[in-house]
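> Take this structure first; my questions come after.
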Amino acid sequence: MLSDPEDETTITLVYASRSDDAVLLRTEIDEAARTHPTRFSVRYIGPSTTQLEADQIAVSDPVQAVTVNPANATPASPASTHPSPAPMAPTADNETLAGRIDKPLLQQLLPPPIDGSVVLVCGPSSLVGQLCGPAARDGGVGGAGQGTGQRAPIGGWLGDLGYRAEQVEWL
C-alpha cells in the first residue's frame, strides 16, 4: 500500500508493548513512518522507566490496533460526535507514550469511524474482547448476527467509539 504512489490510503498504528525492546519490527515500522509521514503514523504505548521501577502500572500483552482510512472516505453519518484526532506527526524517535491502551486514548489517537475505515486489532484475547466486545469471542457471527449471514454488532471500546462490525477485524 505505502509503496504505491497512486494509493492515498493513510494508516495509523497504535502499538502497545511491555517495553521498547519487545516491539517487533520497530526499525521497519519507524522507517515506514519516516519515509511516508503523511500516510503512515505510529504511536507506541508502554510504561515509562519511572513507572516500571515504581510498578505503578501494568501494561497488557503486546497489542496492535491499526486503522486504515482511504483518501476518499466519508463520515459514516452526519451526526457523528467522534472528535478529530490530535495530529500524529511522527517524532524523530517515535517516542513511547506512557500508559495503557484504553478508550480515551483510542479516541485521541484513532481517526473517527468513517465509511471506508478499517480497524485491525491484534493481541491477547482479553484485550481483543475489551476492544471489540463479545463478537470477538465468537468470530462475530453469534448473538444478533447469528443465522442472518451478517456479523454481530461490535461492542467494547471500538463499538462505543462508533465503529461498525464491517469496519473491525481481529486476528
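The values are calculated or read from the model by the stated rules, or taken from the named source; none is laboratory data. Small disclaimer: the values here were computed from a predicted structure and weren't measured. Positions of Cβ are backbone-derived with ideal geometry, glycine not excepted, and every protein chain shown enters the neighbour counts. The protein model used for the area step is the full one, side chains on, heavy atoms only, and it has no ligands, DNA or RNA in it. Shrake-Rupley method; radii C 1.70, N 1.55, O 1.52, S 1.80 Å.
> Looking for whichever is out of contact with any helix residue (DSSP H, G or I) (no Cβ under 8 Å at 6 or more places or on another chain), closer than 19 Å to Pro104 by Cβ, open to solvent by less than 80 Å² (accessible area, probe 1.4 Å) and at pLDDT 85 or above here; the options are Gly133, Gly129, Gly162, Gly156. Which one fits?
Gly162
> To continue, here is another question. Test each condition in (1) open to solvent by 30 Å² or more (accessible area, probe 1.4 Å); (2) at pLDDT below 50 for His82 and report the one that comes out false.
Of (1) open to solvent by 30 Å² or more (accessible area, probe 1.4 Å); (2) at pLDDT below 50, only one is false for His82: (1).
> Also: Taking segment 18-48, which residues are open to solvent by 70 Å² or more (accessible area, probe 1.4 Å) and either touching a residue at least 24 places away in the same chain (Cβ under 8 Å) or not in a helix (DSSP H, G or I) (or both)?
Arg18, Asp20, Leu24, Leu25, Arg34, Thr35, Pro37, Thr38
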